[in-house]
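Values quoted throughout were computed directly from the atomic coordinates according to the rules given, and no laboratory measurement underlies them. Treat the numbers as computed from the prediction; the structure is a model and nothing was measured. Reconstructed Cβ throughout: ideal geometry from the backbone, glycine too, with neighbour counts over all protein chains shown.
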Amino acid sequence: MNELRAQAAPDAPATSRIAIADGDIHPARSGARDFHPWLSKRWQDHIDQYGAPSRHGWQVGPAYPKSQPNASRRDAYPPEGGRPGSSLSFMQHQHLDTNNVALGILNPLGSGQGVQNPALSAALCHATNEWQLAEWTSKDSRLRASVVVPYEDAIASAAEIRRYADNPSFVQVLLLSRTAEPLGSRKYWPIYEAAAEAGMPVGVHAFGYGGNPVTPGGWPSYYIEEMTGHSQCQQAGLTSLVMEGVFERWPTLKMIMIEAGFAWAPPLAWRLDKHFHTLRSEAPHLTRLPSEYMRDQVWWTTQPMEEPEPRAHLQDSIDWIGWDKLIFATDYPHWDFDDPAQALPLRISEQQRADFFLGNARKVYRGCA
Amino acid sequence: MAGVPAGAIDCDIHPSVPSVAALMPYLEDHWREQVTIRGIDELNSISYPLNSPLTCRPDWRPATGRPAASIEMVRAQALDPFATSIAIANCLYGIQLLFSEDMAAAFARAVNDWMAREWLDREPRLRASIVVPIQNAEMAVDEINRCAADKRFVQVLLLVMGDTPLGRRHHWPIYAAAEKHGLAIGIHAGSAYHNPPTPVGWPSYYTEDYVGQAQAFQTQLTSLICEGVFTKFPNLKVVMLESGFTWLPAHLWRLTKYWRGLRMEIPWVDRAPGDIVRSNVRFSLQPVDGPPDQASLLKLFDHMQSDDLLLFSTDYPHNQFAGLSAMPDGLPPALVRKIAIENPRATYARLLETVQ
């Protein structure tokens with residue numbers, strides 16, 4: 001994944017490729033000042049003096065050093081300078097046009113989510129949302145924004161969701177997976193209530209720092225363990241959403257699990273069903289099997305796609321999940337980008353291919369049909 | 001009989017410490033006195049709440065006292081009905097939760113001596129795992145060396161959630177000792193509860209804790225492979241106990257993809273994770289967290305790409321199946337025989353020394 005491989009010529013006509021959705025595009029700031037138009041002087045000065053730490057120990061950078069600078073493809077640096085993902089024109093040229101992206105969902109990272117100071121977190125998230133409108137969705141009609149919320153403060157998060165409830169540029173609410181408490185915890189319920197009310201799905205993207213060791217057996221040593229471990233964090237969050245009755249309480253709520261793979265979903269559903277059956281007395285508030293809530297109310301973005309040998313095993317896995325439940329995603333401009341031309345080497349029907357690459361996304365994101 | 005062949009080797013049963021009083025004869029004077037003076041409670045962790053429907057099957061639950069707490073119960077409920085030739089006793093007493101290393105070491109010695117005298121001496125079909133104070137690797141190694149002369153101990157028992165990931169280098173003396181003595185490393189469901197039992201904090205429901213054990217096993221498998229435990233100890237066998245196994249194919253797909261992309265970070269891992277698992281890691285059968293239909297279960301076995309990985313277990317007295325249906329229906333007879341007999345014999349070197 002970290003080697004340069006021959007790409008389709010960027011100038012090839014987009015119509016030669018099937019139109020796709022991309023459920024996970026990461027727009028980046030070119031610098032801290034990008035947010036200043038929407039950030040008060042107080043918070044600008046605060047960041048300058050104290051930073052914006054997010055429950056891990058480094059002043060700058062992630063808890064585990066990445067495998068590449070900015071975790072990005074080496075060919076994704078804009079010719080005019082700046083970080084990968086910071087130039088709309090280069091993103092259009094390298095990704096949106098070349099890969100025929102018809103619907104691109106923006107998931108800004110490193111915004112203000114999980115920042116220790118809750119008021120600063122809220123201010124940064126709001127700035128991120130205004131920045132998405134001003135710099136991205138207003139300039140390219142293929143792009144849609146996520147309402148980035150300071151999820152550890154659910155009241156402030158709900159207010160932020162309601163602020164954009166009538167704005168069609170926003171099609172989902174964005175959380176990060178490594179929260180301070182499991183996702184189903186009552187503390188987060190105002191977020192789900194506001195999202196259900198606005199008709200927006202809630203996307204849960206891998207990463208974030210909740211202050212807990214990133215495995216239940218303590219802190220691992222390596223970045224590869226952190227990356228592989230995102231699927232375990234998402235499994236824990238999803239288990240909590242089911243068991244706490246979030247899906248039961250908001251039956252129209254949709255959740256989208258982003259950038260943690262998907263092949264883990266069937267075994268998780270089987271295990272939940274089996275032990276739910278034995279431990280039924282603990283959760284009388286649930287009226288359906290865990291797998292039924294998952295089947296009706298949870299979607300998964302595809303990247304990083306699991307790559308079993310033989311590939312037919314992947315087909316079994318998607319059959320179990322349902323071909324209507326996956327949303328194609330590339331993770332552009334990050335290093336583990338999945339190329340749509342090579343991501344699904346399976347013999348499937350035209351309808352399955354069309355749903356996988358675009359149709360499912362059009363149905364799940366608000367107002368994208 | 002649901003396909004359990006006679007002579008099966010049950011790799012995960014749980015005799016209980018009936019009460020701390022049963023350990024008193026095996027505790028050293030200082031600790032016996034401490035138990036009395038300080039009023040030290042039973043070391044039963046929240047992993048298996050006494051009256052939870054999962055902790056003991058209804059037809060195995062005694063009228064009073066703890067499940068599986070007498071040799072008569074274990075014979076009548078776990079050994080005789082399944083015509084088990086050998087069963088490996090994994091004692092789940094909360095020694096790993098203690099914060100005092102000395103106290104943990106003392107209780108581990110007591111439990112292992114109690115196991116040898118009260119169970120192994122009285123029932124020739126039983127083998128056992130050595131409980132160790134994982135809190136301190138040096139003390140754990142001392143306990144392994146002390147017990148290893150008794151060949152009826154076939155494994156070292158760890159819990160899947162402790163203070164630090166099991167691949168971390170400070171645990172390696174334990175693996176060196178196990179490999180030297182021909183002992184497997186058994187990693188069982190359960191936590192020291194020194195970290196939150198999920199990577200996103202403490203859950204509200206016991207069901208989350210139990211279901212989440214599978215995620216803990218996934219991260220520990222990642223840790224053991226990435227740290228290079230099997231590069232350093234190529235003959236070591238690690239057995240995941242009460243782990244579930246239906247998550248394994250999907251987890252290996254993901255880990256292998258990242259290994260391809262990130263192996264520069266862990267250059268000592270020179271084989272694909274799936275190859276390492278097939279040579280060094282095994283899984284107990286129960287609970288079978290399987291798909292509801294037989295055709296899907298057979299596909300899943302195909303995804304595991306090896307018939308060597310599963311070891312028969314009942315997980316007695318935990319409530320994982322009804323009647324005698326410990327083996328999933330519809331498996332090919334040759335695979336059933338491997339799971340029930342051949343795989344356990346190939347995994348536990350010491351079984352061959354003690355079983356004719």
- [ ] Could you grab the pairs with beta carbons closer than 9 Å, sequence gap of 6+ or different chains, first residue in the stretch A:130-153 and free of Cβ contacts under 8 Å to residues at least 60 places away in the same chain and over 14 Å from A:TRP38 (Cα atoms), second one of a type in the set (Lys, Arg) and outside any strand (DSSP E or B)?
- [x] A:VAL147/A:ARG163; A:GLU152/A:LYS187
Task: Residue check, B:VAL111 closer than 16 Å to B:LEU183 by Cα and not basic (Lys, Arg) - done: no
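Residues checked against (1) within 27 Å of A:ASN107 (Cα to Cα); (2) in a loop (DSSP other than H, G, I, E, B):
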{"position": "A:LEU241", "(1), (2)": "yes, no"}
{"position": "A:PHE247", "(1), (2)": "yes, no"}
{"position": "A:THR252", "(1), (2)": "yes, yes"}
{"position": "A:ILE256", "(1), (2)": "yes, no"}
{"position": "A:ALA263", "(1), (2)": "yes, yes"}
{"position": "A:PRO266", "(1), (2)": "yes, no"}
{"position": "A:ARG271", "(1), (2)": "no, no"}
{"position": "A:HIS277", "(1), (2)": "no, no"}
TODO: Please go through the stretch B:257-284 and pick out each residue that is part of a loop (DSSP other than H, G, I, E, B) and either under 15 Å from A:TRP270 (Cα atoms) or acidic (Asp, Glu) (or both).
DONE: B:ASP270
Open item on the list: Going through A:LEU174, A:LEU133, A:LEU124, A:LEU183 one at a time, which residue ends up being closer than 26 Å to A:ALA369 by Cα and crowded, with 19+ Cβ neighbours inside 10 Å?
Closed with: A:LEU174
Task: When residues of the stretch B:8-26 are limited to those that are out of contact with any Phe, Trp or Tyr (no Cβ under 7 Å at 6 or more places or on another chain) and assigned to a helix (DSSP H, G or I), the one surrounded by the fewest Cβ atoms within 10 Å (Cβ to Cβ) - done: B:ALA21
Task: Matching residues, the stretch A:266-311, being out of contact with any Ser or Thr (no Cβ under 7 Å at 6 or more places or on another chain), among the small types (Gly, Ala, Ser) and either facing chain B (nearest Cβ under 8 Å) or more than 16 Å from A:MET243 (Cβ to Cβ) (or both) - done: A:SER281
Task: Checking B:GLN320 against (1) more than 14 Å from chain A (Cβ to nearest Cβ); (2) outside any strand (DSSP E or B); (3) crowded, with 20+ Cβ neighbours inside 10 Å; (4) not hydrophobic (A, V, I, L, M, F, W, C), the condition it does not meet - done: (1)
Open item on the list: Among the residues of the stretch B:78-109, what is the count of those that are in contact (Cβ under 8 Å) with a residue 40 or more places away in the chain and in contact with an Asp or Glu (Cβ under 8 Å, 6 or more places away or on another chain)?
Closed with: 10
- [ ] Enumerate the helices (runs of 4 or more DSSP H) found wholly within the stretch B:165-255, keeping only those where 3 or more residues are buried (at least 24 other Cβ atoms within 10 Å of the Cβ).
- [x] B:206-227
Open item on the list: Looking at the structure I just gave you, is B:PRO344 under 30 Å from A:PRO310 (Cα atoms) and in contact (Cβ under 8 Å) with a residue 60 or more places away in the chain?
Closed with: yes
- [ ] Please specify each residue of the stretch A:239-275 satisfying the condition of being out of contact with any strand residue (DSSP E or B) (no Cβ under 7 Å at 6 or more places or on another chain), touching a residue at least 24 places away in the same chain (Cβ under 8 Å) and within 25 Å of B:LYS299 (Cα to Cα).
- [x] A:THR239, A:ALA260, A:GLY261, A:ALA263, A:TRP264, A:PRO266, A:LEU268, A:ALA269, A:LEU272
Task: Scope the stretch A:197-236; condition facing chain B (nearest Cβ under 7 Å) and on the phi > 0 side of the Ramachandran plot; matching residues - done: A:GLY218
